[in-house]
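Taking it in order: structure first as structure tokens, then the write-up.
The values are calculated or read from the model by the stated rules, or taken from the named source; none is laboratory data. All of these numbers come straight from a predicted model, not from anything done at the bench. Backbone-built Cβ (ideal geometry, glycine too); neighbour counts: all protein chains shown. These area figures cover heavy atoms from the full protein model, side chains too; ligands, DNA and RNA do not enter into them. Shrake-Rupley method; radii C 1.70, N 1.55, O 1.52, S 1.80 Å.
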Amino acid sequence: MTEYTRIAQHFANDIAEATMTVRREDGLFRHIEFAAPKTMTRVVLITWPYNLLIAGSHGSYHFERFGNDTEDMFDWLRGLRVDPNSWASKLVNGRDSVSEYDRNLMVAAINERVADAVENDWAPEGLQDAVRENILGSHLLDTKDTAFQLVSEYEFGATYRAECSCGLSSKDVSYSDALMWDVWNHKVDGEKHKVRIRQTAGFDFDDFTEWNVDKLGYHFVYQCHAAVWGIAQYDAARKAVAA
């Protein structure tokens, strides 16, 4: 069962005995409320041209879409399968406003990178145990900033080589020794010598800036289900009155 499926079930259980109250219905200007007293759940749908506000017990989220088919925002969501990933981009405050760090996604990205190194035979011996002890077991993974700092600074079994434009170079040594090679072992002579330091072996997380370790927040996904459900309830009630 996925997390999105669990959220859908939570919503269905919470709203099972809800009743609908229409506070306002003036063309595209609507204010509709659903209340389920036993679970203390409340859902509010408010519309005006090209806008939909879903509010209530699980927060407020404002959607805005300007298009030929979105003047009535109920038309946008009417009958659709809930798709929070797509809908988040239609929020007035943007997707980032409903995204949050997911430690599990960070752990998965770390494990994938280590597994790739092992499978392709460039992992130093003992890498998996070292990562498990020094990273996966660290409380620094609990927040996004400290997690990225941890992986950005981590290296295992790394060696470096100082190389001069004159053709001389150091042995494969630690970074600090490579940094000091031109001072202690290779007396540079002005512009004729330009030294660079190159990593020659070892493991690090050099691709971490490309990792997506965010997920959509629980309450936003919950309210996406509430919006689709509420529109369906409203339509059913209008159909019953017309009949």
**OP:** Among the aspartates and glutamates, select those whose C-alpha is under 19 Å from the C-alpha of Lys239, and discard any that sit fewer than 8 residues away in the same chain.
**Re:** Glu25, Asp26, Glu33, Asp72, Asp75
Original post:
Any idea which of Gly126, Ala147, Ser99 is furthest toward the positive side of the dipole for the stretch 88-156, if Lys and Arg beta-carbons carry +1 and Asp and Glu beta-carbons -1?
Top reply: Ser99
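Over the stretch 1-91, what is the mean sequence separation of C-alpha contacts under 8 Å (at least six apart), divided by residue count, expressed as relative contact order in percent?
Result for the stretch 1-91 is 17 percent.
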Original post:
For Thr143 and Asp83 in one chain, what is 0.36 nm times their gap in residues minus the Cα-Cα distance, to one decimal in nm?
Top reply: 18.9 nm
Original post:
If the cut-off is 16 Å between C-alpha atoms, which lysines fall inside it for Lys194, apart from same-chain ones fewer than 8 positions away?
Top reply: none
Original post:
Considering amide H positions built from the backbone, and no H for Pro or chain starts, which residues 5 or more places from Cys166, or on another chain, come under 5 Å of its amide H?
Top reply: Lys194
**OP:** Quote the convex hull volume per residue of the stretch 166-243, based on C-alpha atoms, as a whole number of Å³.
**Re:** 192 Å³
Original post:
Applying 1/(1 + (r/R0)^6) with R0 = 35 Å to the Cβ-Cβ distance of Thr5 and Ala115, what FRET efficiency is obtained, to the nearest 0.05?
Top reply: 0.85
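About its Cα centre, what dipole magnitude does the stretch 37-113 give when the only charges are +1 on Lys and Arg Cβ and -1 on Asp and Glu Cβ, stated in debye to the nearest 20? Please report the intermediate quantities before stating the final value.
Working: 9 positive and 10 negative charges, 66 e Å.
Magnitude of the dipole: close to 320 debye.
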**OP:** Calculate, for Asn134 and Asp102, the FRET efficiency according to 1/(1 + (r/R0)^6) with r their C-beta to C-beta distance and R0 30 Å; round to the nearest 0.05.
**Re:** 0.90
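For Val92 and Lys192, calculate 0.36 nm times their separation in residues minus their Cα-Cα distance, and state this gained length in nm to one decimal. Walk me through the intermediate numbers first.
Numbers: separation 100, 0.36 × 100 = 36.00 nm, distance 5.78 nm.
Roughly 30.2 nm would be gained on extension.
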**OP:** Convert each backbone phi in the stretch 68-75 into a coupling constant with the Karplus relation 6.51 cos²θ - 1.76 cosθ + 1.60 (shift: θ = phi - 60°), then list the ³J(HN,Hα) values in order as whole Hz, x for Gly and Pro.
**Re:** 5, 10, 10, 4, 9, 5, 5, 4
Original post:
Within a Cβ distance under 12 Å of Leu52, other residues only, what is the Lys/Arg minus Asp/Glu net charge?
Top reply: 0
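What size of dipole, in debye to the nearest 20, comes out for the stretch 118-243 about its Cα centre when the only charges are +1 on Lys and Arg C-beta atoms and -1 on Asp and Glu C-beta atoms?
Values: 12 positive and 21 negative charges, 118 e Å.
With Lys and Arg at +1 and Asp and Glu at -1, about 560 debye.
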Original post:
Any idea what % of Cα-Cα pairs in the chain are farther than 22 Å?
Top reply: 67 percent
Original post:
In straight Cα distance, which lysines are under 28 Å from Lys90, not counting same-chain residues fewer than 8 positions off?
Top reply: Lys144, Lys215
Original post:
By how many degrees, 0 to 90 and rounded to 10, does the Cα axis of helix 218-242 deviate from the longest principal axis of the chain?
Top reply: 20 degrees
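Any idea of the accessible area per residue across the chain, 1.4 Å probe, to the nearest Å²? Numbers along the way, then the final one.
Working: 14260 Å² over 243 residues.
Here the per-residue accessible area is 59 Å².
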**OP:** For helix 175-184, report the angle its Cα long axis makes with the longest principal axis of the Cα atoms of the chain; keep it between 0 and 90° and round to the nearest 10°.
**Re:** 40 degrees
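If I compute solvent accessible area with a 1.4 Å probe over the protein chains, what percent of it on the chain is carbon and sulfur?
48 percent
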**OP:** Obtain the radius of gyration and the Kirkwood radius of the stretch 67-136 from its C-alpha atoms and give Rg over Rh.
**Re:** 1.30
Original post:
What is the local net charge at Val228, summed over the other residues whose Cβ is closer than 10 Å to its Cβ (Lys, Arg +1; Asp, Glu -1)?
Top reply: +1
